[in-house]
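In what follows, a single structure is set out as structure tokens and then discussed.
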């Protein structure tokens, strides 16, 4: 169904083979006491019953819109949703997650204010909705660019609130004015990169205290798969993170060390991907990749410091002393023994 009505909020939900959880996700939104929203379901080439579920809700609730696409990944689906959103704000959900009634409290609060960026704590649960982690914070905000750097410390530097897009509201006008998009080449950290770019443009933000979003943790997390561009993703995120900190004049040792450790962690994950049996690169190409990682100028610059990190000792030794063959042999054997 189509409508000329412009709601306060557009909720974009990429859907891919999510029939087991999709109804719970959609109904958790539709059953809210807050009603001033639209739901944009982007069926990203599902081959299960997800498409039919999307069509059902579209036919029975005028606030629900569905778009059926060939599979292109979550960034492609989110960008499609952005392009069709009519709301003043845009937020995102994963199709297997859900919200509780405090979502309405948060929405009604936002309605009375005009922040560019709204951030919420969240809960992590397992597939049976058993609690794993519940993040709680006191409300904090900034306006007119005052305390923008301090606010960033609260939600990112050492805290787990910045990386995802499903616990945030974005102003559509800022997204469109700055042509912000999710990177279609990144299947991990694409939301983190989007947030870095968006935060640079916003002039006010609030961290609310209501943890309305429930992130469902599965055993087969997307971040545990093989990504042949994992190193490039880590490098891009690191460089964009440094740029944002420079823009905000954040140059303390603690913040810099946080970024450096995050980057090295990403590099080590990229290295480990090369030892997995599912990796289809030839041995020669794997060695070339490892040599590229350990000789990276930014990696070498970080490792010249005397900073200590909580990494696997052997992995860190091989990275620091540029020993790709030792790394590959040791962790290939370790991976095969575990497998």
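The values are calculated or read from the model by the stated rules, or taken from the named source; none is laboratory data. Source: prediction; values computed, not measured. Here Cβ is always computed from backbone atoms with ideal geometry, including for glycine, and neighbour counts include all displayed protein chains.
Brief remarks on what is shown
- All of 244, 180 fail the test of being outside any helix (DSSP H, G or I), modelled with pLDDT of 95 or more and under 18 Å from the mean Cα position of the chain (by Cα), apart from 180.
- Any hit, region 122-133, residues being in contact with a helix residue (DSSP H, G or I) (Cβ under 8 Å, 6 or more places away or on another chain) and at pLDDT 95 or above: no
- Some residue of region 317-325 being assigned by TED's automatic domain parsing to the domain that holds residue 279, surrounded by 18 or more Cβ atoms within 10 Å (Cβ to Cβ), in contact (Cβ under 8 Å) with a residue 40 or more places away in the chain and under 22 Å from residue 242 (Cα atoms): yes
- Among the residues of region 130-168, those that are free of Cβ contacts under 8 Å to residues at least 60 places away in the same chain, touching a strand residue (DSSP E or B) at 6+ places or on another chain (Cβ under 9 Å) and closer than 21 Å to residue 203 by Cα comprise 147, 150, 151, 154, 155, 161, 162, 164, 167.
- Out of 95, 107, sole residue that is within 23 Å of residue 39 (Cα to Cα), modelled with pLDDT under 95 and touching a strand residue (DSSP E or B) at 6+ places or on another chain (Cβ under 7 Å): 107
- Residues in region 35-83 that are surrounded by 15 or more Cβ atoms within 10 Å (Cβ to Cβ), assigned to a helix (DSSP H, G or I) and touching a residue at least 40 places away in the same chain (Cβ under 8 Å): 50, 58, 74, 75, 76, 77, 78, 79, 81, 82.
- Qualifying residue in region 271-287 (condition: touching a helix residue (DSSP H, G or I) at 6+ places or on another chain (Cβ under 7 Å) and either free of Cβ contacts under 8 Å to residues at least 40 places away in the same chain or in the same structural domain as residue 187 (by TED's automatic domain parsing) (or both)): no
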